[in-house]
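Shown next, in structure tokens, is the structure this report addresses.
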Amino acid sequence: MRFFHKKTEYCSICGINLKFKYKPAKTWQIQGNLCGDCHTTKMKEYFDKQAEAKRLEEIKENHCSICGKLNETTKKRPRWQWNMEAETVLCVECFDKREQEYKIRLDFCNNCNGKLGIIRYNPKTNWKVNGQLCRRCWDNFNKKYEFK
């Protein structure tokens with residue numbers, strides 16, 4: 001008759017002999033098994049970190065991303081054309097300011113500030129111009145960068 005002896009295992013944190021083994025979660029990044037006390041303390045630490053992250057997310061969600069002012073009732077999300085992150089929250093003042101800047105960039109020439117007509121000219125990427133141009137300014141930029 002063969003007798004199998006169990007291999008004695010020890011807790012990965014405190015090193016005591018294990019009667020009962022508890023596997024740690026993969027997110028804890030601990031190799032081996034844990035005793036009951038170490039497992040409960042690690043689980044408590046993990047849930048405390050999650051609660052803190054959730055609390056910080058709620059705080060971030062209630063403050064304006066630009067000026068940092070607290071938004072209790074009026075929160076606005078940026079428009080997709082503004083190229084801001086999706087989680088960004090703006091107060092009314094910052095939203096109106098961005099909206100006004102966007103309308104100016106869309107309706108007026110970036111170089112001469114002249115009102116744009118129906119036909120708008122997009123600058124080439126190597127010109128490093130942000131916004132649209134009128135025909136005269138686009139022609140001037142094209143002549144300037146044509147020979148380089």
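Here is a check on your reading of the model: is LYS97 outside the structural domain of ARG135 (by TED's automatic domain parsing), among the basic types (Lys, Arg) and under 30 Å from TRP28 (Cα atoms)? No; evaluated as a whole, the condition is false for this residue.
Of all the listed residues (LYS49, LYS144, LYS42), the sole one being within 30 Å of THR8 (Cβ to Cβ) and either of a type in the set (D, E, K, R) or not in a helix (DSSP H, G or I) (or both) is LYS42.
Reported count of residues in the range 114-129, each being surrounded by 15 or more Cβ atoms within 10 Å (Cβ to Cβ) and β-branched (Val, Ile, Thr), is 1.
Within the range 52-73, being in a loop (DSSP other than H, G, I, E, B) and loosely packed, with under 11 Cβ neighbours inside 10 Å holds for GLY68, GLU72, THR73. Looking only at the range 106-136, how many residues end up being farther than 23 Å from ASN83 by Cβ and in a helix (DSSP H, G or I)? Final tally of qualifying residues: 2.
Report yes if some residue within the range 103-124 is hydroxyl-bearing (Ser, Thr, Tyr) and under 32 Å from the mean Cα position of the chain (by Cα); otherwise report no. Checked the range 103-124: no residue is hydroxyl-bearing (Ser, Thr, Tyr) and under 32 Å from the mean Cα position of the chain (by Cα). Picking from residues in the range 38-68 that are touching a strand residue (DSSP E or B) at 6+ places or on another chain (Cβ under 7 Å) and modelled with pLDDT under 85, the one that is nearest to PHE20 (Cα to Cα) is ASN62.
The values are calculated or read from the model by the stated rules, or taken from the named source; none is laboratory data. These numbers come from a predicted model, not from an experiment. Glycine gets a Cβ as well: all are built from the backbone with ideal geometry, and neighbour counts include every protein chain shown.
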